[in-house]
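Asks: Before I ask anything, here is the structure I am working with.
The values are calculated or read from the model by the stated rules, or taken from the named source; none is laboratory data. Since the structure is predicted, the reported quantities are computational estimates derived from the model, not experimental observations. All Cβ positions, even for glycine, are placed from backbone atoms using ideal geometry, and neighbour counts span all protein chains on display.
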Amino acid sequence: YNGQTKKVHNPNLLSIAHRGASGFAPENTRAAFQKGVELKADYLECDIHVSKDGELVIMHDDKVDRTTNGNGLISEYTLEELRDFDAGSYHSEEFAGEMIMTMNELLEEFYEQVGLLIELKNPSSYPGIEEKVVDLLKEYEDLSSIIIQSFDSESMKKIHSMLPDLEVAVLIRPAESLLSPKKLDELTSFASYINFNVSFLNKRMVDNIHTRDSKVLVWSKKDKKLVAKAQKYGVDGIISDFSQWPVNEPVLI
Ligand code: G3P
Ligand code: CA
């Protein structure tokens, strides 16, 4: 602390553990989600695909290659087959044996403890995924701690129309970060959040979204200045691999 920085208390900045606290544990696994809870994240972010037998499974890529010892598309394996893959060793031996989880398990194990920000990856590749997600969430009376998000705004519009109580978020691709007023009107008519990569955001866009009564989350994998930028832009939360920043405590900016 050098006198140049100042302490700011911002209780409104949500801390969201990206793919779980994936800076510390294998992404999108139980270990990463538990670490996110330990680090007092407000939400756990995760990514969803569909297995060959129609189960909603948690993984970022559409292939198992990068984060497990298997290879090929998730959609070519049944859940039982996916369970045989080791989803922890790619990170480190300490996590050997971590198993791929389902969205159902995530809800059963974490819904009571922490918010969940659930991303549908390429929903157009999985016809009927919206109905599956909605059917699962209908079992939960209080949906206020769950957000569904996707880069596919049509899919989010569909989810919102099926379950209006559920908040949905639209992720904006970097190349499309300059949204026109018309596009903003359209997206904020159903999306509670419009989410950007922190590198492609400016204060005017945040203000334009807030004016339309929606909120903004920013994500970054490794940007150490994420909190400071989030404060500067006035966004509502950060999605980070390292959710250890005490964003609900005074932070140095
Ligand atoms: O939550 C935003 C972020 O997860 C989107 O990018 O590739 O990490 O799913 P990606
Ligand atoms: Ca994601």
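Asks: Got a number for residues in segment 155-174 being more than 12 Å from Pro123 (Cβ to Cβ), in contact with a helix residue (DSSP H, G or I) (Cβ under 8 Å, 6 or more places away or on another chain) and among the basic types (Lys, Arg)?
Replies: Matching residues across segment 155-174 total 0.
Asks: Another question, then. If I ask for residues that are within 16 Å of ligand 1 (Cβ to nearest atom), of a type in the set (A, V, I, L, M) and closer than 26 Å to Ile146 by Cα, which ones from segment 170-192 would you list? Before you say what the answer is, go through the steps one by one.
Replies: First pass over segment 170-192, keeping only residues within 16 Å of ligand 1 (Cβ to nearest atom): 170-177, 187, 191-192.
Subsequent filtering for residues that are of a type in the set (A, V, I, L, M) retains 170-172, 175, 187, 191.
Hits for segment 170-192 are Val170, Leu171, Ile172, Leu187, Ala191.
Asks: Then there is this: Which residues, taken from segment 16-46, are of a type in the set (Val, Ile, Thr) and in contact with a helix residue (DSSP H, G or I) (Cβ under 8 Å, 6 or more places away or on another chain)?
Replies: Listed by number, the residues that qualify are Thr29, Val37.
Asks: Among the residues of segment 138-158, is any under 18 Å from Arg19 (Cβ atoms), among the charged types (D, E, K, R) and within 16 Å of ligand 2 (Cβ to nearest atom)? I'd like the intermediate steps shown before the answer.
Replies: In the first step, residues of segment 138-158 are kept if they are under 18 Å from Arg19 (Cβ atoms); the result is 146-151.
Filter again for among the charged types (D, E, K, R), leaving none.
No, segment 138-158 has no match at all.
Asks: Of the residues in segment 14-55, how many are assigned to a loop (DSSP other than H, G, I, E, B) and within 11 Å of ligand 2 (Cβ to nearest atom)?
Replies: Of the residues in segment 14-55, 6 are assigned to a loop (DSSP other than H, G, I, E, B) and within 11 Å of ligand 2 (Cβ to nearest atom).
Asks: Regarding Lys35, is this residue among the basic types (Lys, Arg) and under 17 Å from Glu94 (Cβ atoms)?
Replies: For Lys35, the condition - among the basic types (Lys, Arg) and under 17 Å from Glu94 (Cβ atoms) - is met.
Asks: So the check is Cβ under 6 Å with 6+ separation or different chains; which pairs have a first residue in segment 156-170 that's in a loop (DSSP other than H, G, I, E, B) and a second one that's modelled with pLDDT of 95 or more?
Replies: If the second residue must be modelled with pLDDT of 95 or more, the pairs left are Leu163/Val134; Asp165/Leu143; Leu166/Leu143.
Asks: Filter segment 228-240 down to the residues that are at pLDDT below 90 and in contact with a strand residue (DSSP E or B) (Cβ under 9 Å, 6 or more places away or on another chain), then identify the one that is surrounded by the most Cβ atoms within 10 Å (Cβ to Cβ).
Replies: Ala230
Asks: Looking at segment 210-238 only, could you name the residues that are part of a helix (DSSP H, G or I) and touching a residue at least 12 places away in the same chain (Cβ under 8 Å)?
Replies: Within segment 210-238, His210, Leu226, Val227, Ala228, Lys229, Ala230, Gln231, Lys232, Tyr233 meet the criteria.
Asks: Looking at this structure, is Asp213 modelled with pLDDT of 95 or more and exposed (fewer than 14 other Cβ atoms within 10 Å of the Cβ)? Please lay out each step first, then the result.
Replies: Numbers: modelled with pLDDT of 95 or more: yes; exposed (fewer than 14 other Cβ atoms within 10 Å of the Cβ): yes.
Judged against the criteria, Asp213 is a match.
Asks: Considering only segment 63-77, I want to know if a residue exists there that is closer than 20 Å to Glu131 by Cβ, in contact with a strand residue (DSSP E or B) (Cβ under 9 Å, 6 or more places away or on another chain), aliphatic (A, V, I, L, M) and outside any helix (DSSP H, G or I).
Replies: no
Asks: Is there a residue in segment 163-180 that is over 30 Å from Asp53 (Cα atoms), at pLDDT 95 or above and aliphatic (A, V, I, L, M)?
Replies: Taking every residue of segment 163-180 in turn, at least one turns out to be over 30 Å from Asp53 (Cα atoms), at pLDDT 95 or above and aliphatic (A, V, I, L, M).
Residue-by-condition table, conditions (1) modelled with pLDDT of 95 or more; (2) more than 17 Å from the chain's Cα centre (by Cα); (3) assigned to a loop (DSSP other than H, G, I, E, B); (4) exposed (fewer than 13 other Cβ atoms within 10 Å of the Cβ):
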site	(1), (2), (3), (4)
Glu80	yes, yes, no, yes
Ala87	yes, yes, yes, no
Tyr90	yes, yes, yes, no
Glu94	yes, yes, no, yes
Gly97	yes, yes, yes, yes
Asn104	yes, no, no, no
Glu119	yes, no, no, no
Glu131	yes, yes, no, yes
